[in-house]
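Visitor: Let me give you the structure first, and then I'll get to my questions.
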Amino acid sequence: MGTPSTKELTRMINSVLGQKVLTEHQLKQIQKGAMQAYRKGGMDGMIRYLMHVTGADVDPNEMRMFADFIRSNPQVGKNILEGITKIK
């Protein structure tokens with residue numbers, strides 16, 4: 001399983017959400033900010049940053065559990081982005 005390009009990842013995210021919500025430039029900026037947040041505050045810092053940037057109203061503990069699950073099962077994450085697997 002190869003790492004998707006920024007273009008592919010942007011397309012997958014927009015496809016999952018059913019509309020164009022993100023450009024490649026925006027995704028690159030989000031990725032850059034997420035990496036800085038991770039370096040400063042670890043996974044919890046990165047999750048807080050992503051929730052802030054996206055306006056997600058999600059329990060941080062649930063988000064952490066989901067991130068840990070995807071980290072240990074990257075194919076599932078790819079399947080979600082490709083629309084093969086639905087998030088419940």
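Visitor: Does THR85 meet the test of being surrounded by 11 or more Cβ atoms within 10 Å (Cβ to Cβ) and over 26 Å from GLN29 (Cβ atoms)?
Guide: Working: surrounded by 11 or more Cβ atoms within 10 Å (Cβ to Cβ): yes; over 26 Å from GLN29 (Cβ atoms): yes.
So THR85 passes the test.
Visitor: Of the residues that sit in segment 32-53 and are within 25 Å of LYS86 (Cβ to Cβ) and free of Cβ contacts under 8 Å to residues at least 24 places away in the same chain, which one is nearest to the chain's Cα centre (by Cα)?
Guide: Restricting attention to segment 32-53, the residues satisfying the condition of being within 25 Å of LYS86 (Cβ to Cβ) are 34, 43, 46-47, 50-51, 53.
Filter once more, so that each one left must be free of Cβ contacts under 8 Å to residues at least 24 places away in the same chain: 34, 46-47, 50-51, 53.
Details: ALA34: 10, MET46: 10, ILE47: 10, LEU50: 8, MET51: 10, VAL53: 11 Å.
My answer is LEU50.
Visitor: Might you check whether a residue that is touching a residue at least 24 places away in the same chain (Cβ under 8 Å) and surrounded by fewer than 12 Cβ atoms within 10 Å (Cβ to Cβ) occurs anywhere in segment 1-19?
Guide: Yes: one or more hits.
Visitor: Let me spell it out: the conditions are (1) modelled with pLDDT under 90; (2) in contact with a Phe, Trp or Tyr (Cβ under 9 Å, 6 or more places away or on another chain); (3) over 18 Å from THR3 (Cα atoms), and TYR38 meets all of them except one. Which number is the exception?
Guide: Single failed check for TYR38: (1).
Visitor: With respect to VAL53, is the statement that it is assigned to a helix (DSSP H, G or I) and of a type in the set (Val, Ile, Thr) true? Step through it out loud before you land on a result.
Guide: Working: assigned to a helix (DSSP H, G or I): yes; of a type in the set (Val, Ile, Thr): yes.
Answer is yes for this residue.
Visitor: All but one of (1) in contact (Cβ under 8 Å) with a residue 24 or more places away in the chain; (2) part of a loop (DSSP other than H, G, I, E, B) hold for ILE84, so report the exception by its number.
Guide: Exception for ILE84: condition (1).
Visitor: So if I check each of MET35, MET65, which one is in a helix (DSSP H, G or I), aliphatic (A, V, I, L, M) and surrounded by fewer than 12 Cβ atoms within 10 Å (Cβ to Cβ)? Working first, answer last.
Guide: On the way: MET35 fails: surrounded by fewer than 12 Cβ atoms within 10 Å (Cβ to Cβ).
Just a single option satisfies the conditions, and that option is MET65.
Visitor: Moving on. So which residues in segment 16-27 are under 17 Å from LEU81 (Cα atoms) and in a helix (DSSP H, G or I)?
Guide: Keep residues of segment 16-27 that are under 17 Å from LEU81 (Cα atoms), which gives 16-24, 27.
Within segment 16-27, VAL16, LEU17, GLU24, LEU27 meet the criteria.
The values are calculated or read from the model by the stated rules, or taken from the named source; none is laboratory data. What you see is a predicted model, and the numbers here were worked out from it, not measured in a lab. Virtual Cβ from ideal backbone geometry, glycine too; neighbours counted across all protein chains shown.
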